[in-house]
Amino acid sequence: MSAVVFFIGAAGAIAGAVGVVMLRNPFYSVLALVAHLVSLAVLFLLLRAEFVAAVQVVVYAGAVMVLYVFVVAYVGDQSEGIGARLRAGPTGGPSAAALRLGGAVLAGALLIELLIALLGTGLKAIGTDGAGYAPGPRTYGTPAYIGNLLLTRFLLVFEVASFLLLVAAVGGVVLARRRGGLEDDADGPAAPLNVIAPASTGTMVEGIGTRAR
Amino acid sequence: MTIAWYLAVSAIVFALGAVGVMTRRNPLVILLCLELMLNGGNLALIAFARMWGNGDGQILAVIVMTVAACEVTIGLGMIVAIYRRRLPIDVDELRELQG
Amino acid sequence: MSATSWGWLVLAFPLAGTLINGFGFKRLRGNTAGWIGTAAIGLAFVAAIGTLIALQGHDPQHRQLVSSLYNYASTVGIDAKMSILVDPLSVWMILIVTGISTLIHLYSISYMEEDRGFNRYFAYLNFFVFAMLLLVLAANFLLLIAGWAFVTAASYLLISYWYRRRTATSAGLKSFVINVVGDVGLVLGTYFIFKHTGTLEMLGTFSATAHGAFGAHGDGDLTAACLLLLVGAVAKSAQIPLHTWLPDAMEGPTPVSALIHAATMVTAGVYLIARMHPLFELAPAAQDAGAAIGCATLLVAATIALTQTDIKRVIAYSTMSQIGYMIMGVSVGAYAAGMFHLMTHAFFKALLFMGAGSIIGAMAGEQSLDKMGGFRKALPFTFACFIIGGLALSGIPPFSGFFSKDEILLVTGELGGWHWALYVLGYIGAFMTAIYTFRMIFRAFFGDPVAEAQELEEGHLHHAEHPTNPATGEVEDTDVGFPGPHHAIAERSLPMKVSMSLLAVGAIGAGLIQIPEVDDVITKFLEPSFAGSALYTVRTKDGLLVFGLILGTLLGLAGIAIAYRVWVSEPGTAGRVRARFGALYELFVNKWYFDELIDAAVVRPALAAGRFARDVFEPRVVDETLVGGTSGIVRASSAAVRAIQSGFVRYYAALLVLGVAAIGFYFLLQS
């Protein structure tokens with residue numbers, strides 16, 4: 001039974017990952033990532049990390065992805081045109097196809113190395129199901145367990161992480177704020193390249209709608 | 001399923017994320033692929049935590065998620081700022097930091 | 001107080017004078033600096049007398065005293081102490097140096113009055129005296145070399161004292177460079193000595209040498225050391241071939257010429273050879289070289305002096321010639337005679353220079369004998385001093401030069417062998433000395449008075465409308481860096497009169513200290529310094545002595561008579577002689593072409609090397625290859641590295657992944 005659930009989860013995760021990488025429209029990529037995250041949460045559950053799974057769904061898929069959706073909607077559809085596939089790179093370097101191939105090769109090399117590293121180690125324990133598990137209210141994986149750890153052994157980490165969140169929040173506000181009222185078209189220097197780039201309208205309808213123009 | 005399977009999944013997800021980072025031109029998508037890589041790492045952490053039986057890996061996974069959230073905030077904030085300046089959202093065009 | 005304490009005082013007073021004058025040079029007004037300087041050296045003279053008395057209080061075996069003040073370094077192998085050696089030879093030298101210096105300082109107060117650099121002058125002059133005293137009092141080679149170098153520096157400072165005169169600064173540089181050549185010889189000689197004896201102390205070196213540190217008699221290293229020391233002596237004492245700086249050094253003020261280039265600095269070479277006599281006596285080759293150089297110099301200088309027209313240069317070449325006598329003397333072993341002549345020469349040469357300063361003052365800075373004449377009535381005191389100095393220089397009894405010069409030649413005669421040549425040439429030189437000395441006196445003081453002399457007879461000191469450089473005729477001013485507006489003559493200046501009178505007394509009577517067959521004061525006094533010397537003997541052969549004395553007197557009188565005939569009684573003779581011996585005259589008046597020789601042999605190659613370095617080596621090798629090459633390599637490699645920073649994020653990401661993969665691969669291989 002758990003094997004089946006595992007395969008479902010694993011398939012979902014990998015499919016989602018592939019979708020993120022391959023889908024043209026960024027909005028679709030976001031959705032693929034959400035699917036991936038939920039699958040990953042399933043895998044976490046299988047690994048007895050109940051709290052982390054919940055956090056994954058609630059925070060990651062629930063909050064971070066929503067943020068992503070907002071920004072994608074605001075920025076609009078910036079998907080790469082068909083011509084981009086065939087055109088040469090910006091400096092006359094390798095074309096997009098060659099880049100993709102190179103990237104795939106490198107990542108493939110990395111994958112093989114990781115697999116060897118992870119699976120070829122002398123760790124016999126990865127051949128097992130893990131350490132023993134006794135269910136209970138405060139056992140491994142429960143919120144109480146995590147909370148206990150956070151407030152005792154990992155207190156400093158906890159505090160620093162919260163501080164980091166504060167800094168990030170402030171930074172995000174500073175980065176994205178408007179200066180002095182609503183922007184109109186005259187604000188900011190007009191980059192000459194913008195003439196060639198596809199114009200963005202910034203509404204969700206158009207962001208969702210079409211494929212590459 | 002033994003822990004090894006989970007580790008394999010995590011490696012595959014990580015590698016896919018790397019491909020995406022190297023290949024895509026839209027910075028938003030690049031950030032998404034970065035998230036993929038982080039998630040791959042998370043999965044490995046949880047798997048090892050299960051293997052050892054103590055909660056350190058889970059805590060670390062939570063912290064990684066926190067850090068990912070912060071990074072996403074900043075990254076998206078930058079993209080919004082770039083968009084507002086009417087610059088193209090394309091990492092190949094945004095290359096002024098060069099030697 | 002012990003003799004060495006007095007010795008330290010002798011050093012301390014001039015140093016104090018230098019410091020006071022040097023640090024206070026902006027604040028001291030009027031003649032104060034001059035009196036401070038004179039007082040400093042006067043006190044040093046008193047201290048020197050104190051040293052003498054204290055030293056004579058010891059019995060003769062124990063009259064070589066060393067006193068150390070400070071240990072510079074006591075590392076393995078080198079003992080570098082700040083120590084002085086008080087013994088009869090150094091006491092002799094410090095008496096001469098401080099005595100003559102006091103008188104010259106006194107003279108300078110009047111001579112340099114109203115010169116804008118008055119304070120600086122006295123600071124330099126005191127520094128020079130300090131340096132010279134350091135040189136003669138040094139007990140080890142380290143301080144000797146230090147004193148030697150300081151003296152070179154002081155001489156340079158004083159020669160180019162009127163620093164806005166191009167001729168003066170060039171002369172200063174020339175003296176410095178040639179003296180540095182001598183310094184190199186001195187230091188290398190010291191190295192050879194140190195290599196064998198292992199000590200820098202002089203007394204230690206001498207005893208080590210006596211005990212065979214250098215191996216067999218006439219060992220190569222010892223001869224090399226002595227020859228190198230001789231190079232140093234030759235440069236400092238202006239002997240051939242390193243003599244060309246001395247005539248040019250007359251660019252300095254006349255008291256400087258009197259002090260440095262007559263009485264003290266140029267005698268340092270003589271002192272060196274006398275002090276190093278234990279080494280020289282074991283290296284006969286070096287002794288012979290020294291004697292030959294001294295003899296050659298005395299002849300060449302005498303011939304040149306016959307033709308020079310600048311009064312100071314005549315006296316300069318005369319100095320060169322007399323030092324040649326001294327070098328010859330100490331090289332053949334006539335140490336007492338050489339030192340005796342050093343003392344008498346200091347008196348009459350300084351006197352002659354002071355007189356020259358007076359007559360130059362009367363001529364408002366003009367130095368050429370061609371423009372002088374008939375000053376007998378206008379400058380009676382100066383004339384008297386010139387006569388006294390001239391007679392002493394020519395070796396006429398009972399003046400001092402007679403006794404000392406003849407003693408040197410006597411010793412060379414007694415040695416026999418090839419030294420007879422030195423004897424003969426020495427007397428020929430004495431003959432020429434009398435001629436050129438009285439040529440100078442007759443031309444300047446006899447004959448029809450020139451315009452300046454007539455003005456002076458009427459009581460009015462001549463002043464030129466514009467001050468000019470006597471050598472080149474360039475117009476100058478009287479601001480700092482050029483001579484001041486005041487021209488001093490002895491008749492009108494008490495300090496000058498006092499100093500010249502004292503020197504005249506010395507020139508007349510100093511020889512009477514050691515009259516042959518009557519007393520041996522100097523020989524006995526200096527004996528403790530030369531104990532152990534095989535050559536330090538008291539005179540034996542009487543016949544030669546009497547013969548020499550009579551010959552010397554006759555030659556001197558004959559020279560005066562010839563000079564009188566050529567330049568006074570039959571005025572056209574000089575022109576006729578010049579016409580008949582035209583080529584010889586050209587040789588002498590061009591100073592035997594030594595300057596041209598050195599120019600061709602040394603200066604031009606050096607300049608060519610410099611030009612080569614500037615035009616070829618520097619731009620091509622250094623700039624292009626070394627500097628340019630290095631920076632080119634760096635630039636090229638950084639350009640290569642820069643290409644990685646393309647600005648494309650994806651390339652960076654790819655590089656990152658590549659790097660991670662590579663590291664992972666490495667570690668996988670490891671395990």
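Only the coordinates and a few stated rules stand behind these numbers; no lab work does. Since the model is a prediction, treat every value here as computed from it, not as a measurement. Note: ideal-geometry Cβ built from the backbone for every residue, glycine included; neighbour counts use all protein chains shown.
Neighbour counts of other C-beta atoms within 10 Å: give me B:LEU7, B:LEU94 arranged from fewest to most.
Exposure proxy ranking, most exposed first: B:LEU94, B:LEU7.
Simple spin-label model, 7 Å along Cα-to-Cβ: C:ALA12 to A:ILE8 in nm?
It is 11.0 nm.
Separation of segment C:600-631 and segment C:332-365 by C-alpha centroid, Å?
Between the Cα centres of segment C:600-631 and segment C:332-365 lies a distance of 47 Å.
Roughly how big is segment C:595-670's charge dipole about its Cα centre, with Cβ charges of +1 (Lys, Arg) and -1 (Asp, Glu), in debye to the nearest 20?
Values: 7 positive and 7 negative charges, 144 e Å.
Roughly 700 debye, rounded to the nearest 20.
Straight distance only, please: which lysines reach the Cα of C:LYS81 with their own Cα at less than 16 Å, same-chain residues fewer than 8 apart left out?
Partners within reach: none.
List the residues whose amide H sits under 5 Å from the amide H of C:ALA80, counting only those 5 or more places along or on another chain, with H placed 1.01 Å from N in the peptide plane.
Placed amide hydrogens put C:TYR72, C:ALA73, C:THR75 under 5 Å from C:ALA80.
In sequence order, what are the phi-derived ³J(HN,Hα) couplings for segment C:615-627 according to the Karplus relation 6.51 cos²θ - 1.76 cosθ + 1.60 with θ = phi - 60°, rounded to whole Hz, with x for glycine and proline?
The phi angles translate into 8, 10, 5, 5, x, 7, 7, 6, 5, 6, 7, 6, 6 Hz.
Given points 7 Å out from each Cα along the Cα-Cβ axis, report the A:ILE112 to A:ALA98 separation in nanometres with one decimal.
2.3
What 222 nm value per residue comes from the helices of chain C, counting each DSSP H run with n ≥ 4 as -39,500 (n - 2.57) and dividing by all residues, nearest 500 deg cm²/dmol?
About -21500 deg cm²/dmol.
Enumerate by residue number the trypsin sites (Lys or Arg not before Pro) in segment C:1-99 meeting two conditions: DSSP loop (anything except H, G, I, E, B), and at most 14 other Cβ atoms within 10 Å of the site's Cβ.
C:LYS26, C:ARG27, C:ARG29
Amide H to amide H under 5 Å from C:ALA138: which residues, 5+ apart in sequence or cross-chain, H placed 1.01 Å off N in plane?
C:LEU85
Sorted by mean Cβ packing within 10 Å, highest first, what order do the peptides C:367-380, A:117-130, C:339-352, C:483-496 take?
The most tightly packed comes first, giving C:339-352, C:483-496, C:367-380, A:117-130.
For peptide A:118-126, how many partner chain Cβ atoms fall within 10 Å of a residue's Cβ, on average? List each step's numbers first, then the result.
Details: counts 10, 6, 2, 3, 1, 5, 0, 8, 10.
Average neighbour count from other chains, rounded to a whole number: 5.
Within 10 Å of each candidate Cβ there may be at most 11 other Cβ atoms; applying that plus a DSSP loop requirement, which chymotrypsin sites (Phe, Trp or Tyr not before Pro) in segment C:409-474 survive?
In loop regions of segment C:409-474 (DSSP not H, G, I, E or B), the sparsely surrounded chymotrypsin sites (Phe, Trp or Tyr not before Pro) are C:TRP418.
Which lysines have a Cα less than 26 Å from the Cα of C:LYS174, not counting those fewer than 8 places away in the same chain?
Once the sequence-local lysines are set aside, what remains near C:LYS174 is C:LYS236, C:LYS312, C:LYS349, C:LYS591.
Determine the shielding of peptide A:62-69 by partner chains: average, over its residues, the number of Cβ atoms on other chains within 10 angstrom of each Cβ.
3
Taking H placed 1.01 Å from N in the peptide plane, check which residues at least 5 places from C:ASP310 or on another chain put their amide H under 5 Å from its amide H.
Hits under the 5 Å cutoff: C:LEU369.
Would you mind checking the tilt of helix C:494-509 against the longest principal axis of the Cα atoms of chain C, expressed as 0 to 90 degrees and rounded to 10?
Compared with the principal axis, the helix lies near 70 degrees.
Enumerate the calculated ³J(HN,Hα) couplings along segment C:470-478 in order (Karplus 6.51 cos²θ - 1.76 cosθ + 1.60, θ = phi - 60°), each rounded to whole Hz, writing x wherever the residue is Gly or Pro.
Using θ = phi - 60°, the values come out as x, 7, 10, x, 5, 7, 10, 10, 10 Hz.
Please arrange C:VAL332, B:VAL91 by how many other C-beta atoms lie within 10 Å of their C-beta, fewest to most.
Going from sparsest to densest Cβ surroundings: B:VAL91, C:VAL332.
Kindly write out, for segment C:208-214 in residue order, the coupling ³J(HN,Hα) from the Karplus curve 6.51 cos²θ - 1.76 cosθ + 1.60 (θ = phi - 60°), rounded to whole Hz, with x marking Gly and Pro.
Taking θ as phi minus 60°, the curve returns 5, 5, 5, 8, x, 4, 9 Hz for segment C:208-214.
Using Cα positions and a limit of under 20 Å, work out the lysines in reach of C:LYS377, with same-chain residues fewer than 8 apart set aside.
Reachable lysines: C:LYS497.
Using only Cα atoms, locate the centre of segment A:14-63 and the centre of segment C:460-494, then give the distance between them in Å, rounded to an integer.
So the separation of the two Cα centres works out to 106 Å.
Provide the FRET efficiency to the nearest 0.05 for the C:SER501-C:ARG116 pair, computing r from the beta carbons and using R0 = 35 Å.
Between C:SER501 and C:ARG116 the formula returns 0.75.
If I model a spin label at C:TYR585 and C:ALA600 as a point 7 Å from the Cα along the Cα→Cβ vector, what separation in nanometres do I get?
With each label placed 7 Å out from Cα toward Cβ, I get 2.4 nm.
Within a 10 angstrom radius of each residue's Cβ in A:10-16, how many Cβ atoms of other chains show up on average? Whole number is fine.
Mean number of neighbouring Cβ atoms from other chains: 4.
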